[in-house]
Amino acid sequence: MVDYGCGPGSYTLPVAKLVGPKGKVFAVDIQPLAIKTIKEKAARESLTNIEPVLVDSYGTGIQGSSVDLVLLLDTLHMVSNCDALFQEIHRILKQDGLIFMDSGHMKMSRGRKIVESTGLFTIVECRGHDMLVAPKAKQ
């Protein structure tokens, strides 16, 4: 699982507990303080299944087609290159993987338009500010 734009780990840590020691959570963020905070919280709670990933662009270095779920929560409004972001997410997601998105500070209609414009994903369901998104077949 990937928490893309993880911030201080509000979702990362609970998900790490849910997936257990056999699962893995990548906590991805562009802010060094977020990564430092995640490391400290994970150590305090003895969570060894979290791998913090500091990025300076959209590439995560995560193995292709290896991720079951990407959380993209209240992040899209801060992304300057949505195409690059969604290309990377498409690369790392398994064919049957999913993105769970929250449009957050962005109108849902704008979030939908961004996802659809990539041509890489199908919107499975929208409810309130939440979207479930599946990758189209890799070329």
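Listing for the model above:
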read-out: Helical mean residue ellipticity (222 nm; -39500 (n - 2.57) per DSSP H run of 4+; nearest 500) of the chain; value: -9500 deg cm²/dmol
read-out: Size of charge dipole - the chain - debye, nearest 20, with Cβ of Lys, Arg +1 and Asp, Glu -1, no other charges; value: 120 debye
read-out: Lysines whose Cα lies under 26 Å from that of Lys36, excluding same-chain neighbours fewer than 8 positions away; value: Lys17, Lys22, Lys24
read-out: Label point at Leu132 placed 7 Å out along Cα→Cβ; residues across the range 1-40 whose backbone nitrogen lies under 11 Å; value: none
read-out: Relative contact order (percent, whole number), the chain, Cα cutoff 8 Å, 6+ residue spacing; value: 20 percent
read-out: Volume of the Cα convex hull of the chain, divided per residue and given in Å³; value: 102 Å³
read-out: Net charge dipole size for the range 61-139 [Lys, Arg +1 and Asp, Glu -1 on Cβ; Debye, nearest 20]; value: 220 debye
read-out: Residue among Val67, Met78, Thr122 farthest towards the positive dipole end of the range 61-139, charges placed on Cβ; value: Thr122
read-out: Helix 108-118 axis, angle to the chain major axis (alpha carbon atoms, nearest 10°); value: 80 degrees
read-out: Size of electric dipole in the range 1-56: Cβ of Lys, Arg +1 and of Asp, Glu -1, about Cα centre, debye, nearest 20; value: 240 debye
read-out: Percent antiparallel among DSSP beta bridges (both partners in the chain, rounded to 5); value: 40 percent
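Rule-based calculations on the coordinates, nothing more; no lab input. Given the structure is predicted, the values throughout are model-derived calculations rather than measurements. Cβ atoms come from the backbone with ideal geometry, glycine included; neighbour counts cover every protein chain shown.
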